[in-house]
1. With charges set only on the Cβ (+1 for Lys and Arg, -1 for Asp and Glu), what does the dipole of the chain come to about its Cα centre, in debye to the nearest 20?
2. In nm, to one decimal, how far is the modelled label at Ile123 from the one at Ser53, with both set 7 Å along Cα→Cβ?
3. Work out, step by step, the length gained on full extension between Gln168 and Glu14: first 0.36 nm times the residue separation, then minus their alpha carbon distance; give nm to one decimal.
4. Would the stretch 78-175 count as rounded, prolate or oblate if I go by the C-alpha gyration tensor, calling it rounded below 1.5 in a/c and otherwise prolate when a/b exceeds b/c, oblate otherwise?
5. For Ile159 and His82, compute 0.36 nm times the residue count separating them, minus their Cα-Cα distance, and round to one decimal in nm.
6. Could you list the GluC sites (Glu not before Pro) in the stretch 25-77 that lie in coil according to DSSP, counting only those with at most 16 other Cβ atoms within 10 Å of their Cβ?
7. Out of the trypsin sites (Lys or Arg not before Pro) in the stretch 55-102, which ones are loop residues according to DSSP with at most 14 other C-beta atoms within 10 Å?
8. From the phi angles alone, apply the Karplus equation (6.51, -1.76, 1.60; θ = phi - 60°) to the stretch 33-44 and give each ³J(HN,Hα) in whole Hz, x where the residue is Gly or Pro.
Amino acid sequence: MKGVIFTEFIEMMEVKYGFTVTNQVIESAGLKSEGIYTSVGTYPMLEMTSLVSSLAAITNESENDLLRAFGNHLFGRFQVLHPSFIERYSNSLDLLAGIEGHIHQEVRKLYDNTELPYFDYQIEDDIPVIYYRSTRNLHFFALGLMEGCFLHFGENYSIELSPAGKDQWKFKLTENAQR
């Protein structure tokens, strides 16, 4: 897993929970890296799992809720770190439809040997659906990224998340009436 994910997770912890909790999480996670990451480095997924588990234990929040919050946070950071990935889109559905054809291609140029999940955007019965496939079990992280995307574009969607096969999840998007 690319280091930018780790550095941004630590930044989110520092902002949301403070330095003391962040240090407790890093110390209790038993990390081979000792919590020292560079954005361009590559680190084992097990370290992210350990960080999330330790944060959940310390804050009494669920791991899924933490992953979701991190996804939302990271979309906001992508707006700062990689605005060109987002600015070419005028709405969230176009961006989500462009993940594989554009965004992931650009990410692969930036980060060699990166292992990305697969997103398949479809329309089923006039409803946008995204199929997410990954062995990393980070579908709640993907959910948070989508929610951050909707927030960025000022759109209001409900997301129904359901299993869709081995290592695959289905996100059914329903537009809500604007308030």
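1. Computed about the Cα centre, the dipole is about 220 debye.
2. In this crude spin-label approximation the distance works out to 4.4 nm.
3. Here the answer is 52.3 nm.
4. oblate
5. 25.2 nm
6. Glu34, Glu61
7. Answer by residue number: Arg88.
8. Running phi through 6.51 cos²θ - 1.76 cosθ + 1.60 with θ = phi - 60° gives 6, 6, x, 9, 10, 10, 5, 9, x, 10, 9, x Hz.
Rule-based calculations on the coordinates, nothing more; no lab input. Since this is a predicted model, take the numbers as computed values, not measurements. When we count neighbours, we look across all protein chains shown, and the Cβ atoms used for this are built from the backbone with ideal geometry, even at glycine.
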